[in-house]
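Please read the structure below before turning to the comments.
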Amino acid sequence: MITKQQVLDNLEEVKKYVAEAETKKEEKVVGIAIKNRFTGEIIFQSTKTTYREAILEKGDADLSGANLSGADLRDANLSGANLSDADLSGADLRDADLSGADLRDADLSGANLSGADLRDADLSGANLSDADLSGADLRDANLSGANLSDADLRYANLSGADLMNCKFYGKGGHIVIKKKDLAGFLGALGFDLEE
């Protein structure tokens with residue numbers, strides 16, 4: 001049997017234990033969990049509160065299959081990142097550096113990529129439907145098999161881009177091309193305009 005004195009002797013230790021248990025109960029994971037878009041498994045648990053900071057914290061830039069739908073990645077440095085199969089639909093990637101990034105089969109539908117640097121990026125098979133690519137630098141990018149239906153390509157630089165089997169049509173309608181832009185557009189499609 002436990003005596004009153006033994007209980008009093010252990011009271012301080014019991015108080016510490018209870019305080020620790022309460023503290024642990026109140027601890028919450030703060031930050032962003034970057035999850036796989038297919039399995040829902042956590043790829044990376046960040047202590048940061050924005051996707052841009054979380055990706056910087058992750059460091060290795062391997063975000064293949066990540067669910068970054070609707071993420072604010074404005075001005076993010078994702079140069080050389082592996083974003084193959086990632087869900088970036090509706091993401092804000094304005095002025096982001098995606099040069100040399102692997103975006104094969106990524107879902108970028110409705111994403112804002114205006115002013116983004118996509119030089120030498122691999123966008124083969126990517127879904128860029130309804131994406132804003134206005135003013136984007138797509139020089140030497142691989143867009144083979146990409147879906148560009150209803151994408152805004154105004155002032156985008158497509159010099160040297162591979163556009164083999166791209167889908168440019170969508171809901172119908174037409175876009176007027178100014179004569180001064182015709183040579184650049186046809187050049188991006190692999191045609192040379194002769195006078």
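Before moving on, here are some points about what is shown:
- For segment 69-84, taking the residues that are among the small types (Gly, Ala, Ser) and surrounded by fewer than 16 Cβ atoms within 10 Å (Cβ to Cβ), the one that is nearest to the chain's Cα centre (by Cα) is identified as Gly70.
- Condition check for Asp92: charged (D, E, K, R), crowded, with 20+ Cβ neighbours inside 10 Å, without any contact (Cβ under 8 Å) to a residue 60 or more places away in the chain and farther than 23 Å from Ser159 by Cα: yes
So that you can scan it fast, the table gives a plain yes or no per residue for (1) surrounded by fewer than 21 Cβ atoms within 10 Å (Cβ to Cβ); (2) under 18 Å from Asp75 (Cβ atoms); (3) touching a strand residue (DSSP E or B) at 6+ places or on another chain (Cβ under 6 Å); (4) not hydrophobic (A, V, I, L, M, F, W, C):
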| position | (1), (2), (3), (4) |
| --- | --- |
| Ala86 | no, no, yes, no |
| Asp107 | no, no, yes, yes |
| Asp122 | no, no, yes, yes |
| Ala151 | no, no, no, no |
| Ala161 | no, no, no, no |
| Met164 | yes, no, no, no |
| Gly187 | yes, no, no, yes |
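- If the condition is being in a strand (DSSP E or B) and under 19 Å from Gly80 (Cα atoms), then segment 128-158 contributes Asp137, Asn142.
- Residues (within 19 Å of Tyr169 (Cα to Cα) and not in a loop (DSSP other than H, G, I, E, B)) located in segment 95-111: Asp107
Let's see how each residue does on (1) at pLDDT 95 or above; (2) touching a Gly at 6+ places or on another chain (Cβ under 8 Å); (3) within 20 Å of Ser134 (Cα to Cα):
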site	(1), (2), (3)
Ile34	no, no, no
Phe44	no, no, no
Tyr51	no, no, no
Gly59	no, no, no
Asn77	no, no, yes
Ser84	yes, yes, no
Gly90	yes, yes, yes
Ser109	yes, yes, yes
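- Qualifying residue in segment 170-180 (condition: without any contact (Cβ under 8 Å) to a residue 60 or more places away in the chain and buried (at least 21 other Cβ atoms within 10 Å of the Cβ)): no
The values are calculated or read from the model by the stated rules, or taken from the named source; none is laboratory data. Remember, predicted model here, so these are calculated numbers, not experimental data. Heads up, the Cβs are rebuilt from the backbone with ideal geometry, glycines too, and the neighbour counts pull from every protein chain shown.
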